[in-house]
């Protein structure tokens, strides 16, 4: 099974529709959309029954971690899905990613065996599962992503449109429907670099008055659910 290890900085920005159009225009000739074009992505976040992981993350500690299961489009029992363990320490993001299938992932979270055939990454993910003991599907995040890359470089940039969520029907096999996380037209920009952001991109963001912020899709969904509960 394919395994990927990533270490990088991830910078996030919230963009208006006008800023998104401005950025796309400025990227022409510098970055290219990848071969997949716009792709609908679904990420199923696992948490404890008391939402321990997301509550800790929202406190903005120097170290935080999460685990999610990702599919590209609606999954089937046989199609590949990707279990990702994501940690952030002192601004640096570390991600372990394992390709699997839904039956194997369900078996893993029920406490049966490993997620892949041994090795350091398997050990890390299994240790994470065993430490938190009970991890269950908590929130499904869905968005439509266009990913850009810099030819000959390691810069990667993604624009996520129509981010949405649901806290029921927590499966990757049903639909890509959900409640909107942002007002209409807004997008989420993520800049992913190994070292520093290139000067040319920093100048574009400054010209477009695009300011770095802190935004978690799962965190925002959790916040919205808390607000709904308070109004009942």
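Each value in this text was obtained by applying a stated rule to the coordinates, not by laboratory testing. What you are looking at is a predicted structure, and each value in this text was computed from that prediction instead of being measured. Here Cβ is always computed from backbone atoms with ideal geometry, including for glycine, and neighbour counts include all displayed protein chains.
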TODO: Would you mind classifying the stretch 149-232 by shape? Square roots of the alpha carbon gyration tensor eigenvalues, ordered a ≥ b ≥ c; an a/c under 1.5 is rounded, otherwise it is prolate if a/b is larger than b/c and oblate if not.
DONE: prolate
Task: Packing-based order for 143-151, 127-135, using average beta carbon neighbours within 10 Å, highest first - done: 143-151, 127-135
Open item on the list: What does the extension gain come out to for residue 207 and residue 169, with contour length at 0.36 nm per residue minus their alpha carbon separation?
Closed with: 9.5 nm
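Using the number of other C-beta atoms within 10 angstrom as an exposure proxy, rank 65, 207 with the fewest first.
Details: 65 17, 207 11.
Ascending number of Cβ neighbours within 10 Å: 207, 65.
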Task: Helix 217-231 axis, angle to the chain major axis (alpha carbon atoms, nearest 10°) - done: 70 degrees
Open item on the list: Of the candidates 23, 104, 199, which one comes out as most mobile in a Gaussian network treatment of the chain with C-alpha springs shorter than 10 Å?
Closed with: 199
Task: Angle between the chain longest axis and helix 17-27 axis [Cα atoms, degrees, rounded to 10] - done: 70 degrees
Task: Per-residue Cβ neighbour rank within 10 angstrom, fewest leading, 57, 40 - done: 40, 57
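Could you give the C-alpha radius of gyration of the stretch 73-232 expressed as a fraction of 2.2 N^0.38 Å, taking N as the number of residues it contains?
Compared with the compact-globule rule of thumb, the stretch 73-232 sits at 1.20.
Could you list 186, 200 so that the one with the fewest beta carbons within 10 Å of its beta carbon is first and the one with the most is last?
Taking fewest neighbouring Cβ atoms as first place, the list is 200, 186.
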